[in-house]
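Trainee: Below are the structure tokens for one structure; questions will follow.
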């Protein structure tokens with residue numbers, strides 16, 4: 001991303017969080033964690049790309065956690081809530097060299113990326129950060145059909161078309177867990193699911 005694009009993105013999200021924007025819904029969060037914990041009984045060694053306001057975590061803890069977000073506003077708030085967690089202010093498109101953990105989370109981020117080429121960059125980074133597993137929560141059905149975007153800040157990217165790219169990076173899609181079937185586009189809702197990818201190069 002260009003420096004101007006990064007600053008534009010950062011300003012947008014800083015303004016949203018400063019105005020009191022809250023992410024996530026309780027019922028969906030519980031379904032999401034049920035699916036995660038079935039795959040990952042001990043939630044630890046996490047890189048959370050596009051971590052947002054941490055609302056999705058509820059009261060859950062994690063001993064080894066790194067959150068990445070473009071919004072300095074939300075990261076400052078996060079550090080107050082979770083002083084023992086590490087946070088990095090960076091766009092998801094930028095690869096952070098040397099940052100690796102067993103598991104990578106990416107929730108409610110992909111559909112906010114308006115350029116498909118940037119999506120490829122982000123997904124490649126997820127693979128480079130993860131030793132074992134990648135969990136991606138995003139839209140599973142296009143709520144804007146026949147368009148692909150709301151024209152504002154959401155864009156439908158069919159994850160299935162990126163499966164070959166994951167395979168090239170050594171990850172295979174092992175599960176798609178349906179989380180909700182809501183079509184309330186104006187309230188930032190859409191049919192969503194959890195995509196789980198596992199490394200093909202190590203024993204899990």
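Trainee: List every residue pair whose Cβ atoms sit under 7 Å apart, with the two residues 6 or more apart in sequence or on different chains, where the first one lies in the stretch 156-178 and is on the phi < 0 side of the Ramachandran plot and in contact (Cβ under 8 Å) with a residue 40 or more places away in the chain and the second, anywhere, is surrounded by fewer than 15 Cβ atoms within 10 Å (Cβ to Cβ) and in a helix (DSSP H, G or I).
Mentor: So the pair list comes out as 157/116.
Trainee: I would also like to ask the following. Hey, can you tell me all the residues within the stretch 137-155 that are free of Cβ contacts under 8 Å to residues at least 60 places away in the same chain, part of a loop (DSSP other than H, G, I, E, B) and under 16 Å from the mean Cα position of the chain (by Cα)?
Mentor: Selection gives 140, 154.
Trainee: Hey, another quick one. Report whether or not residue 136 is modelled with pLDDT under 95 and either surrounded by fewer than 19 Cβ atoms within 10 Å (Cβ to Cβ) or under 21 Å from residue 39 (Cβ atoms) (or both).
Mentor: no
Trainee: Considering only residues that are in contact with a helix residue (DSSP H, G or I) (Cβ under 7 Å, 6 or more places away or on another chain) and closer than 23 Å to residue 32 by Cα, which ones fall in the stretch 106-121?
Mentor: 106, 107, 110, 113, 119
Trainee: For residue 50, indicate whether it is in contact with a helix residue (DSSP H, G or I) (Cβ under 7 Å, 6 or more places away or on another chain) and either without any contact (Cβ under 8 Å) to a residue 40 or more places away in the chain or closer than 20 Å to residue 136 by Cβ (or both).
Mentor: Criteria not met by residue 50.
Trainee: What's the number of the only condition in (1) without any contact (Cβ under 8 Å) to a residue 40 or more places away in the chain; (2) assigned to a helix (DSSP H, G or I); (3) farther than 23 Å from residue 153 by Cα that residue 29 fails to meet?
Mentor: It fails just one condition, (3).
Trainee: Only one of 69, 53, 115, 77 is surrounded by fewer than 14 Cβ atoms within 10 Å (Cβ to Cβ) and either more than 16 Å from the chain's Cα centre (by Cα) or farther than 18 Å from residue 197 by Cα (or both); which?
Mentor: One residue alone meets the criteria, 115.
Trainee: Tell me, please, whether a residue that is modelled with pLDDT under 95, more than 25 Å from residue 43 (Cα to Cα), surrounded by fewer than 18 Cβ atoms within 10 Å (Cβ to Cβ) and over 15 Å from the mean Cα position of the chain (by Cα) can be found in the stretch 168-176.
Mentor: The answer is no; no qualifying residue exists.
Trainee: Surrounded by 20 or more Cβ atoms within 10 Å (Cβ to Cβ) and more than 15 Å from the chain's Cα centre (by Cα): is that true of residue 125 in this structure?
Mentor: no
The values are calculated or read from the model by the stated rules, or taken from the named source; none is laboratory data. What you see is a predicted model, and the numbers here were worked out from it, not measured in a lab. Using ideal geometry, Cβ is built from the backbone for each residue, glycine included, and neighbour counts are taken over all protein chains shown.
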